[in-house]
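So the structure is just underneath, and the comments pick up after that.
The values are calculated or read from the model by the stated rules, or taken from the named source; none is laboratory data. These numbers were taken from a predicted model, which means no experiment stands behind them. Backbone-built Cβ (ideal geometry, glycine too); neighbour counts: all protein chains shown.
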Amino acid sequence: MDFNDILYHVDDGVGVITLNRPQQRNAQSWRMLEEIDKAFDLARTDTAVRVVIIRGSEGCFSAGHDLGTGEGSEFRAKIRDGGPLAYYDGFKRYNLDLLLKWRNFEKPTIALVEGWCIYAGWMLAACMDIVFAAREARFLAGFVEYMSIPWDIGARKAKELIFESRFITATEAHELGFVNRLYDPADLERETFAYARRVAENSAGVLRFAKLQINKAQDAAGFSHALEDSLGDYVAMMTLLGPGEMRTPDGKKMLAVDLANQGRRGQRHGQSRGDLDP
């Protein structure tokens with residue numbers, strides 16, 4: 001199968017999905033998300049694949065949502081042409097339904113995170129079972145469509161980070177429980193693939209039912225229903241506030257992300273330029 005925005009291959013029992021829009025720092029367009037889903041479908045039906053790793057090309061996991069590149073806008077426009085209900089269905093598919101589908105994927109999944117992991121990058125990493133990160137990786141949480149963040153790091157910390165809009169280091173993400181393991185950049189790929197191959201040695205049936213039970217435990221506490229409800233709040237926010245309040249004046253950036261970048265450069269109250277550049 002040919003892809004435009006990702007790469008997919010199988011390496012000794014491990015399916016590897018690579019986001020491949022390096023010029024856009026692997027920003028996620030709806031076309032890319034459709035291709036990621038097709039890659040997961042290939043991995044699902046391939047009995048040789050026991051584990052799936054998802055990563056970004058050229059040292060960057062994902063800088064977030066595609067906010068208006070040509071190919072991204074063209075793909076969305078085709079869906080919008082179907083009318084408001086078709087567009088809502090598309091919005092829900094690419095911002096919630098597919099991520100829940102990947103969260104419930106029948107085989108173990110691992111996010112290998114380098115560089116930036118911003119907004120939609122966090123969403124994508126969050127719906128994987130395991131997150132391994134380079135020590136230099138940087139994470140930015142926000143009020144996003146797949147709102148797993150209170151579950152990922154706890155409600156109070158989620159409020160703190162989202163209210164302030166602040167990048168966190170991989171070390172802080174690890175301390176908060178979002179990242180499972182940290183590695184030096186030179187070791188990350190080797191150690192992630194070694195772990196994946198150890199997992200692949202386990203019984204496929206045991207892995208599937210163990211994952212199913214753990215996800216059910218989360219769902220018994222309300223995980224999937226909470227994310228469904230949160231998407232409705234996100235759509236209400238978009239409708240009531242509009243892009244004028246959510247984006248920078250030029251419309252090219254999310255305001256909260258721009259504030260976080262200002263903080264990283266030491267341009268916000270009480271923040272000095274630190275070591276947050278990967």
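Key figures for this structure:
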| quantity | calculated |
| --- | --- |
| Test: residue in the range 48-57 that is assigned to a helix (DSSP H, G or I) and either at positive phi or at pLDDT 95 or above (or both) | yes |
| Among the candidates Ala226, Ala200, residue that is of a type in the set (Gly, Ala, Ser), touching a residue at least 40 places away in the same chain (Cβ under 8 Å) and under 29 Å from Val49 (Cα atoms) | Ala200 |
| Residue in the range 219-237 that is more than 20 Å from the chain's Cα centre (by Cα), on the phi < 0 side of the Ramachandran plot and of a type in the set (Val, Ile, Thr) present | no |
| Failed item, numbered, when Tyr234 is tested on (1) free of Cβ contacts under 8 Å to residues at least 60 places away in the same chain; (2) surrounded by 14 or more Cβ atoms within 10 Å (Cβ to Cβ) | (1) |
| Elements of type strands (runs of 3 or more DSSP E) in the range 115-214, at least 3 residues being of a type outside the set (Lys, Arg) | 116-118, 130-134 |
| Residues being surrounded by fewer than 11 Cβ atoms within 10 Å (Cβ to Cβ) and of a type outside the set (A, V, I, L, M, F, W, C) - total across the range 188-215 | 6 |
| Glu74 on the phi > 0 side of the Ramachandran plot, charged (D, E, K, R) and either exposed (fewer than 15 other Cβ atoms within 10 Å of the Cβ) or modelled with pLDDT under 95 (or both) | no |
| Residue identified as among the aliphatic types (A, V, I, L, M), farther than 26 Å from Val257 by Cα, out of contact with any Asp or Glu (no Cβ under 8 Å at 6 or more places or on another chain) and not in a strand (DSSP E or B) among Ala86, Ala77 | Ala86 |
